1. Being in a helix (DSSP H, G or I), out of contact with any Asp or Glu (no Cβ under 9 Å at 6 or more places or on another chain), closer than 25 Å to N119 by Cβ and at pLDDT 95 or above is true for just one of K206, K223, K238. Which residue is that?
2. Could you figure out which of (1) of a type in the set (G, A, S); (2) in contact with a Lys or Arg (Cβ under 9 Å, 6 or more places away or on another chain); (3) not in a helix (DSSP H, G or I) isn't true of A106?
3. If I filter the range 51-74 down to residues being within 24 Å of the chain's Cα centre (by Cα) and aromatic (F, W, Y), which single residue comes out as farthest from K37 (Cα to Cα)?
4. Starting from residues that are hydroxyl-bearing (S, T, Y) and part of a loop (DSSP other than H, G, I, E, B), keep the ones in the range 31-58 and report whichever is modelled with the lowest pLDDT.
5. Can A211 be described as hydrophobic (A, V, I, L, M, F, W, C), in a helix (DSSP H, G or I) and surrounded by 15 or more Cβ atoms within 10 Å (Cβ to Cβ)?
Amino acid sequence: MHIKYIKLLGLALSFSLAGCGIFGDKVEESKNWTAEKLYAEAKDELASGSYDRSVQLFEKLESRFPFGAYAQQAQLEIAYAHYKQGDQAQALAAVDRFIKLHPNHANVDYMYYLRGLINFNDDMGFFSFIANQDVTERDPKATRDSFDAFKELAVRFPNSKYTPDAIARMKYLVNALAQYDLHVAKYYLRRNAFVAAANRAQSAIKEYPDAPAVEEALVVLIKAYDGMGMVELRDDAKRVFTSNFPKSTLLETYGSKKAWWKFWS
């Protein structure tokens with residue numbers, strides 16, 4: 001019995017060691033891969049949505065072959081993988097690192113574009129407002145950062161293939177930022193905080209003079225001045241409004257309609 005037990009124990013141990021060898025080989029399957037092979041496998045993982053695995057392979061590539069085009073491309077792909085994974089902090093860190101290390105790289109324009117995409121935030125639109133959210137609690141920092149990144153791309157690389165899309169996104173972001181200031185101004189106006197309402201309306205008008213929100217921002221400014229009893233400033237704002245929006249009826253009808261989504265509330 002004792003001998004049989006020893007034999008069985010030895011057999012189990014041999015299987016255990018063999019298993020360790022199998023799994024060890026699996027972990028180190030990329031040990032002898034060339035830079036080209038590592039890059040191809042990492043790209044396949046990225047394309048299939050295996051972002052963690054792709055990052056691991058790109059990092060191995062950069063570590064084993066730190067010099068040359070593959071290492072630089074791996075750094076770029078790592079930033080993109082983090083972006084696709086939704087890891088904003090890691091993605092931005094990877095972008096900043098690439099730009100710092102390779103400011104003259106042929107594809108550095110893409111990294112400026114990616115920086116804008118990472119921060120791009122389109123949740124300041126229609127559904128945020130109809131959901132009756134308090135926009136004063138929303139932080140537009142990411143929106144501003146996105147705008148700045150796209151602007152830097154457009155200035156530095158006006159002929160980049162990414163610049164037209166960046167400019168289109170900038171237009172959206174300008175409107176979103178102006179709309180944000182407008183809704184904050186309206187929030188203060190509804191609460192009779194006229195000084196705060198006037199300041200925020202002025203901010204929208206001054207910072208984003210071509211945005212569609214300026215028309216309503218001027219109306220808020222007029223109402224705020226009226227609430228404070230500042231007749232001259234109110235009348236000056238009215239003249240500016242009439243001059244810029246001669247066909248508008250917004251001033252006469254402002255505040256008279258209830259938002260459609262509140263009809264049943």
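The values are calculated or read from the model by the stated rules, or taken from the named source; none is laboratory data. Remember, it's a predicted structure, so these values are computed and weren't measured experimentally. Heads up, the Cβs are rebuilt from the backbone with ideal geometry, glycines too, and the neighbour counts pull from every protein chain shown.
1. Working: K223 fails: closer than 25 Å to N119 by Cβ; K238 fails: closer than 25 Å to N119 by Cβ.
K206 is the lone residue from the list that is in a helix (DSSP H, G or I), out of contact with any Asp or Glu (no Cβ under 9 Å at 6 or more places or on another chain), closer than 25 Å to N119 by Cβ and at pLDDT 95 or above.
2. The one condition A106 does not meet is (2).
3. Y51
4. Let us first name the residues in the range 31-58 that are hydroxyl-bearing (S, T, Y), namely 34, 39, 48, 50-51, 54.
Add one more test, that the residue is part of a loop (DSSP other than H, G, I, E, B), and what stays is 34, 48, 50.
Numbers: T34: 89, S48: 94, S50: 94.
Checking each candidate, the answer is T34.
5. Values: hydrophobic (A, V, I, L, M, F, W, C): yes; in a helix (DSSP H, G or I): no; surrounded by 15 or more Cβ atoms within 10 Å (Cβ to Cβ): yes.
Answer is no for this residue.
Per-residue answers, yes or no, for (1) on the phi < 0 side of the Ramachandran plot; (2) in contact (Cβ under 8 Å) with a residue 40 or more places away in the chain; (3) touching a helix residue (DSSP H, G or I) at 6+ places or on another chain (Cβ under 7 Å):
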| site | (1), (2), (3) |
| --- | --- |
| Y172 | yes, yes, no |
| A185 | yes, no, yes |
| A193 | yes, no, no |
| A198 | yes, no, yes |
| I205 | yes, no, yes |
| K223 | yes, no, yes |
